[in-house]
1. Do any trypsin sites (Lys or Arg not before Pro) in the stretch 136-172 lie in a DSSP loop with no more than 16 other beta carbon atoms within 10 Å, and if so, which?
2. Only helical DSSP H runs with n ≥ 4 go in: add -39500 (n - 2.57) per run for the chain, normalise by residue count and round the 222 nm mean residue ellipticity to 500 deg cm²/dmol.
3. State whether the stretch 38-152 is rounded, prolate or oblate according to the following rule on the C-alpha gyration tensor (a ≥ b ≥ c being the square roots of its eigenvalues): a/c under 1.5 gives rounded; otherwise a/b larger than b/c gives prolate, and the remaining case gives oblate.
4. How long are the semi-axes of the ellipsoid equivalent to the stretch 59-126, from square roots of 5 times the Cα gyration tensor eigenvalues, in whole Å, largest first?
5. Could you tell me which of rounded, prolate or oblate describes the stretch 97-147, using a ≥ b ≥ c as the square roots of the eigenvalues of the alpha-carbon gyration tensor, with rounded for a/c under 1.5 and, failing that, prolate when a/b is larger than b/c and oblate otherwise?
6. Over the alpha-carbon set of the chain, divide Rg by the Kirkwood Rh and report the Rg/Rh ratio to two decimals.
7. Mind checking the stretch 96-179 for GluC sites (Glu not before Pro) that DSSP puts in a loop (not H, G, I, E or B) and that have at most 11 other Cβ atoms within 10 Å?
8. How far, in degrees from 0 to 90, does helix 122-131 lean away from the longest principal axis of the Cα atoms of the chain, to the nearest 10?
Amino acid sequence: MSEINRESIRAMRLSYGEAGLDEGEIANDPIAHFIKWLGEAAENIMVVEANAMVLSTISGNQPVSRTVLLKDVSTAGFTFFTNYLSRKAESINKNPKVSLLFPWYPMERQVIILGSAEKISSEESESYFESRPWSSQIGAIASAQSSKLESRAELEEKFASAAAKFPEGTKVARPDYWGGYIVRPISIEFWQGRYSRLHDRLRYELEPTSAAPHDSNWQVTRLNP
């Protein structure tokens, strides 16, 4: 095994390709372009879980990041599901401003989304919970997410207990502490790696129109890499 040190880390460098990103490809609809990129990432065998995204929240004065899975995207925003008693949910309750990062490194792409998170309806959470595999439903009951755990055996015992209460093939009741959040974006930045580190960065920011306060327009800015 080769030794990892400062010099070897500094030498880690790839030469990115020629594929670029032009304003004309996205027009004024960054959500549609995100869905296009997500589809291409899903078809790329080098990308593991194309819908995996890094969710960053603010806990006090400290940003905290973790990976969650995108489960829906629309013009309204980006939806994920979690335990409402988890550390991330506690942070969102205190400060709903969040960041999402989709790191599609094999494609030399990433997307950064800034916005605010809010809970979706219990009906929407119920509908998604019912679509989950039985084991995932049981896992949501067994895990008191982010709280201290004495051992792996304790977690396995909680899973077995929940599985005995809701045998496979029966309806599993969704815990009221489990559900979804939607992140309503105010900024979506597309990053495409380019040669000589002259990467393409297009940032779309949402601005309310004066003529129709409830409508919004996306304003695009090209940024230096």
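Here, each number is a calculation from the coordinates, and none is a lab measurement. Treat the numbers as computed from the prediction; the structure is a model and nothing was measured. Neighbour counts run over all protein chains shown; Cβ positions are idealised from the backbone, glycine included.
1. Qualifying residues, ordered by number: Lys148, Lys171.
2. -8000 deg cm²/dmol
3. Rounded shape, in that the Cα axes give a/c under 1.5.
4. On the way: eigenvalues 87, 59, 24 Å².
In descending order, the three semi-axes are 21, 17, 11 Å.
5. The shape class here is prolate.
6. Details: Rg = 20.5 Å, Rh = 20.0 Å.
Rounded to two decimals, Rg/Rh equals 1.02.
7. Working: sites: Glu108, Glu118, Glu123, Glu124, Glu126, Glu130, Glu150, Glu154, Glu156, Glu157, Glu168; in loops: Glu108, Glu150, Glu168.
Sites meeting the loop and neighbour criteria: Glu150, Glu168.
8. 80 degrees
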